[in-house]
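Working notes, structure below.
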Amino acid sequence: MDNKEKDFGVHNYFYAPIGQYITHSTVHFHKEDEFTEMEEVKEPGIPEQLQTGEAKELLGKFINSRLLTEDLQPIDLSKPEQALLAKFISEKLEINDVWQVFGELWKMKTETLRTYFNRALEQRKSLKFQDKIKNIVD
């Protein structure tokens, strides 16, 4: 198939199994062995701080461990566990505005997420969860 572009007015990114993807109003068709540079692809709804190569590698570990979905949403985690995970990820990636980034991503108020983090620090079971996420990364 030759490289072609057609305007369909689509404003999100979608990937198809046969070498095509849709971006900002254009469908790109590629030959089988051609790839699009990842810098060109921005994930809609995911904060910029979580779209770096280092972030994708780290987050991939939590996706593979089934703590996060591919859309970076928590899977069966309590609110205090979510807050601990957000703080852990932000420390690894040197994200200063942890509560804003993860509050936006997980559709939570920043104050609520921070409160759950403080609550988690008082819970004994939080130590076990912190060990779990450290082991996933190591």
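The values are calculated or read from the model by the stated rules, or taken from the named source; none is laboratory data. Worth saying up front: this structure is predicted, and the values here are computed from it rather than measured. Glycine gets a Cβ as well: all are built from the backbone with ideal geometry, and neighbour counts include every protein chain shown. Keep in mind that these areas ignore ligands, DNA and RNA; they rest on the heavy atoms of the full protein, side chains included. Shrake-Rupley method; radii C 1.70, N 1.55, O 1.52, S 1.80 Å.
Looking only at the range 87-111, count how many residues are touching a Phe, Trp or Tyr at 6+ places or on another chain (Cβ under 9 Å) and under 13 Å from residue 126 (Cβ atoms).
Going through the range 87-111 one residue at a time, the tally reaches 1.
Condition first: assigned to a loop (DSSP other than H, G, I, E, B) and either open to solvent by 30 Å² or more (accessible area, probe 1.4 Å) or modelled with pLDDT under 95 (or both). Now tell me which residues in the range 76-99 satisfy that. Before the answer, list the steps.
To start, the set of residues in the range 76-99 that are assigned to a loop (DSSP other than H, G, I, E, B) comprises 76-78, 94-97.
Listed by number, the residues that qualify are 76, 78, 94, 96, 97.
Tell me yes or no: at least one residue of the range 104-115 is basic (Lys, Arg), in contact with a helix residue (DSSP H, G or I) (Cβ under 8 Å, 6 or more places away or on another chain), within 17 Å of residue 54 (Cα to Cα) and at pLDDT 95 or above.
Quick first cut of the range 104-115, residues basic (Lys, Arg) only: 107, 109, 114.
Add one more test, that the residue is in contact with a helix residue (DSSP H, G or I) (Cβ under 8 Å, 6 or more places away or on another chain), and what stays is 109, 114.
If we keep only those that are within 17 Å of residue 54 (Cα to Cα) as well, we get none.
The answer is no; no qualifying residue exists.
Can you tell me which residues in the range 68-116 are of a type in the set (Ser, Thr, Tyr) and over 13 Å from the mean Cα position of the chain (by Cα)? So that I can check it myself, show each step before the final result.
The initial filter retains those residues of the range 68-116 that are of a type in the set (Ser, Thr, Tyr), namely 69, 78, 90, 110, 112, 115-116.
Result: 78, 110, 112, 115, 116.
Consider residue 89 against the criteria (1) more than 17 Å from residue 49 (Cβ to Cβ); (2) in contact (Cβ under 8 Å) with a residue 24 or more places away in the chain: it satisfies all of them except one. Which criterion is unmet?
The single condition residue 89 does not satisfy is (1).
Does any residue in the range 93-117 that is farther than 20 Å from residue 137 by Cβ come within less than 6 Å, Cβ to Cβ, of a residue that is outside any loop (DSSP other than H, G, I, E, B) and open to solvent by 70 Å² or more (accessible area, probe 1.4 Å) six or more places away or on a different chain, and which pairs are these?
99/114; 110/100; 116/79
Name, by its number, the condition in (1) of a type in the set (A, V, I, L, M, F, W, C); (2) closer than 17 Å to residue 129 by Cα; (3) part of a helix (DSSP H, G or I) that does not hold for residue 102.
Condition (2) is where residue 102 drops out.
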